[in-house]
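Notes follow the structure.
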Amino acid sequence: MKVGFIGYGNMGSTMVRSFLSSGALAPSQAIVASRRKEARDEIRGSFPGIEATDSNKHAARESDVLLLSVRSDEVRAVLDEIAGDLRPDAHVISVNDGVTLKDIGSIFSGKATKVMPPITMEVGRGVTLVCHNDKVREPDKAAVRSLFGRVSVVKEIPEGRFEVAGDLTSSAPAYVAAFIELFAEGACRSGGIGREEAVELATETLFATAGLMEAQKLDAATLVSKVATPGGITEQGVDVLEAEMPHVIDRLFRETGERHERAKEAVRRQFDA
């Protein structure tokens, strides 16, 4: 199986590195299309034996499975460019939450899948969200699960749930990292600790907490009860979070939801043009 990648930005490069480093793909199985010469040189230097090209059309012709990882405002142009070069039995996988399977189907009538992988796939963790059109058969689904399953947990969900689920998976590493920064900065403001030390302590505690929950199969509520003894200081802190954080989280989902809708509308205008 030859797997092609069109686009070598943040997510495109993350997928290539993750799949090849994990052994999910051998370099000879992959072909990467990038218009940037420095990106092609970096790809060949990092993964001897991989093919790197400046031609999207060539990547489309050579690929059994083709992953499109380009900006929302480029998707229609790229699909139009490669439509005549895709094999009839090719499997097109879009890595763009603003592009629907219907959008892809308006240009390519074959097998199409939408995925939302996490940046944490580089360390073999996280959740990749997946949905398929009705042309994708079980062997094709199994191939997608095998590929992304080497570097993440694969969860198939309806396309209509991608946005909110993506906030919990693909976007969440940024939210968690932001919380660490804000938590550490709050400790600094309270006095007695420097920022670098506060970030170090908070980050290590995050790793340890996740490891404990995984090792002991603990849910969040159980862990809270193990740490926050009744009437204690930690319980007081948890009470503050439970009182204040729902407003912040609700606003986060509301505003990201609005942003998702604007992004989808921009894509729809491309495909309706």
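None of the figures in this text is laboratory data; all of them are computed from the coordinates on show. As the structure is a computational prediction, the values presented were derived from the model and not from experiment. Every residue, glycine among them, receives a Cβ derived from its backbone with ideal geometry; neighbour counts consider all protein chains shown.
Do the alpha carbons of any pairs in K37/K111; K114/K155; K141/K217; K155/K217; K37/K141; K2/K111 sit beyond 23 Å of each other, and which pairs? Cα-Cα > 23 Å for K37/K111; K141/K217; K37/K141; rest within. Distant-in-sequence amide contacts of G126, defined by a placed amide H-H separation under 5 Å and a gap of 5 or more residues or a different chain, comprise V153. Put +1 on the Cβ of every Lys and Arg and -1 on every Asp and Glu Cβ in the chain; which of G257, L212, L66 then has its Cα farthest towards the positive end of the dipole? Projecting each Cα onto the dipole axis, the largest value belongs to L66. Within a straight-line Cα-Cα reach of under 17 Å, K135 can be paired with the following aspartates and glutamates, leaving aside sequence neighbours fewer than 8 residues apart in one chain: D64, D89, D103, E156, E159. Structure remark: mean-square fluctuation, Gaussian network model of the chain, C-alpha springs under 10 Å; the largest value among L68, L206, L25 belongs to L206.
Restricting the trypsin sites (Lys or Arg not before Pro) of the stretch 193-245 to loop positions (DSSP other than H, G, I, E, B) with no more than 10 neighbouring Cβ atoms within 10 Å leaves K217.
The alpha-carbon positions of the stretch 3-158 define a convex hull whose volume is 98 Å³ per residue. Using alpha carbons only, the radius of gyration of the chain set against its Kirkwood radius gives Rg/Rh = 1.03.
In a DSSP loop and with at most 15 other Cβ atoms within 10 Å, the trypsin sites (Lys or Arg not before Pro) in the stretch 129-178 are R137. For R251, the shell of other residues with beta-carbons less than 13 Å away shows a net charge of -3, using +1 for Lys and Arg and -1 for Asp and Glu.
With each label modelled as a point 7 angstrom along the Cα→C-beta vector, the I193-A26 pair spans 5.0 nm. For the pair the stretch 196-273 / the stretch 9-49, the C-alpha centres are spaced 33 Å from each other. For T256 and T205, a Förster radius of 35 Å and the Cβ-Cβ distance give a FRET efficiency of 0.85, rounded to the nearest 0.05. Taking the chain as a Gaussian network of alpha-carbon nodes connected by springs under 10 Å, the highest mean-square fluctuation of the residues A221, A60, A198 belongs to A221. The residues neighbouring F271, those whose beta-carbon lies less than 9 Å from its own, together hold a net charge of +2 under the Lys/Arg +1, Asp/Glu -1 convention. Students often forget the sequence filter, so: which aspartates and glutamates lie under 13 Å Cα-Cα from K57 once same-chain residues fewer than 8 apart are removed? Answer for K57, where 13 Å is the Cα cut-off: D80, E81, D85, listed by chain and number. The stretch 84-99 and the stretch 129-158 have their alpha-carbon centroids 14 Å apart. Within the shell of other residues whose beta carbon sits under 12 angstrom from the beta carbon of N133, the net charge comes to +2, with Lys and Arg scored +1 and Asp and Glu -1.
Work out the length of the dipole vector of the stretch 122-168 about its Cα centre, built from +1 on the beta-carbon of each Lys and Arg and -1 on the beta-carbon of each Asp and Glu, and round it to the nearest 20 debye.
220 debye
Here the stretch 172-267 is treated with +1 on each Lys and Arg Cβ and -1 on each Asp and Glu Cβ, and its dipole about the Cα centre works out to around 180 debye. Across the options L201, M11, P88, the greatest Cα extent toward the positive end of the charge dipole of the chain (unit charges at beta carbon of Lys, Arg, Asp, Glu) belongs to P88.
Take the Cα of A83, step 7 Å toward its Cβ, do the same at T229, and the gap between the two points is 6.9 nm. One compactness figure for the stretch 172-267 is 1.33, namely its Cα radius of gyration divided by 2.2 N^0.38 Å. Only Cα pairs under 8 Å and 6+ residues apart enter the sum, and on that basis the relative contact order of the stretch 1-130 stands at 24 percent. Put +1 on the Cβ of each Lys and Arg and -1 on the Cβ of each Asp and Glu in the chain; which of G110, F271, S170 then has its Cα farthest toward the positive end of the dipole? Most positive-ward Cα: G110.
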